[in-house]
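The block underneath contains the structure these notes are about, expressed in structure tokens.
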Amino acid sequence: MTLRISVIGTGYLGATHAAAMAEFGFEVLGLDIDPEKIATLTAGRVPMYEPGLSELLLKHVAGHEGSTGRLRFTTSAKEAAEFGDVHFVCVNTPQRKGEFAADMSYVDTAIDELAPHLTRPALVVGKSTVPVGSAARLAERLAALAPVGADAELAWNPEFLREGFAVQDTLRPDRIVVGAQSERAERLLREVYAEPIGAGVPFLVTDYATAELVKAAANSFLATKISFINAMAEVCEAAGADVTLLSTALGHDERIGRKFLNSGLGFGGGCLPKDIRAFMARAGELGADQALTFLREVDSINMRRRSRMVELAREQCGGGFLGRRVAVLGAAFKPDSDDIRDSPALNVAAQIQLQGAQVTVYDPKAVENARKMFPSLAYADSALEAAEGAHVVLHLTEWAEFRALDPAELGAVVAERRLLDGRNVLDADAWRAAGWTYRALGRPS
Ligand code: UDX
């Protein structure tokens, strides 16, 4: 009989995972405490912008014409517990307010709500990013709370998906890492992931702690790589060198590689910043804080990019923001996403506005979310509209749409042709040829 799968938490991770599981051929039930989210998903709509996800949902959500009907949603933990053979925990672990550590309350609650209804053997699989040591603790809690006792088993299977590529990363991940304590758990997860495994995706079985650490280490490495090149950008600026050429030259060394060496405004989002902080906090608890002190520096370099961008904008405005109009292109923390959590672009926009400028923001997908968080910023429906009368234009999220902008067309509506490229991807020569002052972080003026 085919496995039945429940997915607890239907955010970026859970909604995508649930749809992918249906795509793999399983019967799937998604669970969330938010009835509005459940209603949206049941209607076949996605509560966020994620390329390809709504198509995948519509293909499988029950009640839609031509759908496989394999995917349903509920708000009842009891129903999910009774339904599933395998339960994936996909809730978020945000940064605790005023602290570096991760807030584990959603994960803990997910286990506490599910476990008391587990009356037959079940495998609960954690996918959330958690501090190392959580799985061991949760495994005990699960067995203690479940009527089936130790037959309610835990495994840890970290998720590495990138927003904007969530569907493809879930259907065909780079690797599948499973922290498992029994052959049964491993066998069940091999069955769940039979399709990607069959397509050659590496399947690695580890202990709990290693599985948890793979995720923390991977995100720390990526954050370090970005901050490394941004530190080089600071040196380039001081030395009159060009960081984009440096990235290209470094990237030809196969040991280094060109990916994640894009210098600019740095990293943001719901993952990298809070994950490296939670990792430092956890290392401290374990007495290994010294091992990760470099991550403090990684974090500082990253945050410094935002202040530097504000400074550059102030310079371009003639030394002060009062009475100046600033156009900000980009609000999402990265392109192909409407996610504004810890967005460097919005952080810069808000700082500039607080210093007295009139800031108008445009983003292809994230304006609605941005407006909720920063209602006092002005918003436009296009790059051209945002740029009207601007004394400086800031390019802060690298949407393809911004690379395709016509410097002459934009030049016709601004007050002054001054452009700051916070992502180092616009064609400097083309903008300069159209009469713009083009400046970027880490490049000669
Ligand atoms: C990240 C990890 O990539 C993913 O594996 C993990 O599961 C979750 O966190 P995500 O947050 O979706 O994914 O974004 P990612 O593509 O990693 O980009 C993170 C940030 O770094 C963005 O703000 C992006 O603009 C920035 N970035 C990325 C750079 O500044 N330079 C680069 O070269 C690459």
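For Thr248, work out the one condition from (1) under 15 Å from the mean Cα position of the chain (by Cα); (2) surrounded by fewer than 21 Cβ atoms within 10 Å (Cβ to Cβ); (3) not assigned by TED's automatic domain parsing to the domain that holds Val130 it doesn't fulfil.
Tallying (1) under 15 Å from the mean Cα position of the chain (by Cα); (2) surrounded by fewer than 21 Cβ atoms within 10 Å (Cβ to Cβ); (3) not assigned by TED's automatic domain parsing to the domain that holds Val130, Thr248 fails exactly one: (1).
Could you go through the range 364-376 and let me know if any residue there is of a type outside the set (Phe, Trp, Tyr), over 22 Å from Leu426 (Cα atoms) and either buried (at least 24 other Cβ atoms within 10 Å of the Cβ) or within 17 Å of the chain's Cα centre (by Cα) (or both).
Yes, because at least one residue in the range 364-376 is of a type outside the set (Phe, Trp, Tyr), over 22 Å from Leu426 (Cα atoms) and either buried (at least 24 other Cβ atoms within 10 Å of the Cβ) or within 17 Å of the chain's Cα centre (by Cα) (or both).
For the range 299-346, which residues satisfy the criterion of being under 16 Å from Cys271 (Cα atoms) and polar (S, T, N, Q)?
Asn302, Ser337, Ser343
For the structure I just gave you, tell me whether Met280 is within 16 Å of the ligand (Cβ to nearest atom), in contact with a helix residue (DSSP H, G or I) (Cβ under 9 Å, 6 or more places away or on another chain), among the aliphatic types (A, V, I, L, M) and over 30 Å from Leu384 (Cα atoms). Spell out the reasoning first.
Working: within 16 Å of the ligand (Cβ to nearest atom): no; in contact with a helix residue (DSSP H, G or I) (Cβ under 9 Å, 6 or more places away or on another chain): yes; among the aliphatic types (A, V, I, L, M): yes; over 30 Å from Leu384 (Cα atoms): yes.
Considered against the rule, which asks whether it is within 16 Å of the ligand (Cβ to nearest atom), in contact with a helix residue (DSSP H, G or I) (Cβ under 9 Å, 6 or more places away or on another chain), among the aliphatic types (A, V, I, L, M) and over 30 Å from Leu384 (Cα atoms), Met280 comes out as no.
Out of all the residues in the range 246-275, which are farther than 20 Å from Ala345 by Cβ and either in contact with an Asp or Glu (Cβ under 6 Å, 6 or more places away or on another chain) or among the small types (Gly, Ala, Ser) (or both)?
Ser247, Ala249, Gly251, Gly257
Residues checked against (1) under 30 Å from Ala139 (Cα atoms); (2) surrounded by fewer than 18 Cβ atoms within 10 Å (Cβ to Cβ); (3) in contact (Cβ under 8 Å) with a residue 24 or more places away in the chain:
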position: Ala18; (1), (2), (3): yes, no, yes
position: Gly30; (1), (2), (3): yes, no, yes
position: Glu36; (1), (2), (3): no, yes, no
position: Tyr49; (1), (2), (3): no, no, yes
position: Gly63; (1), (2), (3): no, yes, no
position: Gly66; (1), (2), (3): no, yes, no
position: Phe73; (1), (2), (3): yes, no, yes
position: Lys78; (1), (2), (3): yes, yes, yes
position: Gly84; (1), (2), (3): yes, no, yes
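Would you check if Arg308 is closer than 26 Å to Arg439 by Cα, among the basic types (Lys, Arg), out of contact with any Gly (no Cβ under 9 Å at 6 or more places or on another chain) and surrounded by 13 or more Cβ atoms within 10 Å (Cβ to Cβ)?
yes
Filter the range 320-348 down to the residues that are within 12 Å of the ligand (Cβ to nearest atom) and assigned to a helix (DSSP H, G or I), then identify the one that is farthest from Gln358 (Cα to Cα).
Pro344
Confirm whether Val125 is surrounded by 22 or more Cβ atoms within 10 Å (Cβ to Cβ) and either modelled with pLDDT under 95 or in a strand (DSSP E or B) (or both).
Values: surrounded by 22 or more Cβ atoms within 10 Å (Cβ to Cβ): yes; either modelled with pLDDT under 95 or in a strand (DSSP E or B) (or both): yes.
So Val125 passes the test.
Taking helices (runs of 4 or more DSSP H) that fall entirely within the range 140-245, which contain at least 1 residues that are away from the ligand (no atom under 15 Å from the Cβ), within 30 Å of Ile301 (Cβ to Cβ) and among the hydrophobic types (A, V, I, L, M, F, W, C)?
Here the list reads 208-239.
Does the range 293-311 contain any residue that is within 9 Å of the ligand (Cβ to nearest atom) and assigned to a helix (DSSP H, G or I)?
So the first thing to find is which residues in the range 293-311 are within 9 Å of the ligand (Cβ to nearest atom), and the list is 302, 305.
This time we only want the ones that are assigned to a helix (DSSP H, G or I), so: 302, 305.
Yes, some residue in the range 293-311 is within 9 Å of the ligand (Cβ to nearest atom) and assigned to a helix (DSSP H, G or I).
Output the residues belonging to the range 296-305 that are of a type outside the set (D, E, K, R) and surrounded by 19 or more Cβ atoms within 10 Å (Cβ to Cβ).
The answer is Val298, Ile301, Asn302.
Out of (1) surrounded by 17 or more Cβ atoms within 10 Å (Cβ to Cβ); (2) in contact with a strand residue (DSSP E or B) (Cβ under 9 Å, 6 or more places away or on another chain); (3) touching a residue at least 24 places away in the same chain (Cβ under 8 Å), the odd one out for Gly389 is which?
Every condition holds for Gly389 apart from (1).
Failed condition for Phe260, given (1) surrounded by 19 or more Cβ atoms within 10 Å (Cβ to Cβ); (2) outside any helix (DSSP H, G or I), with all others met?
(1)
The values are calculated or read from the model by the stated rules, or taken from the named source; none is laboratory data. This one's a predicted model, so the numbers in the text were calculated from it and none came from an experiment. FYI the Cβ positions are ideal-geometry reconstructions off the backbone, even for glycines, and counts take in every protein chain you see.
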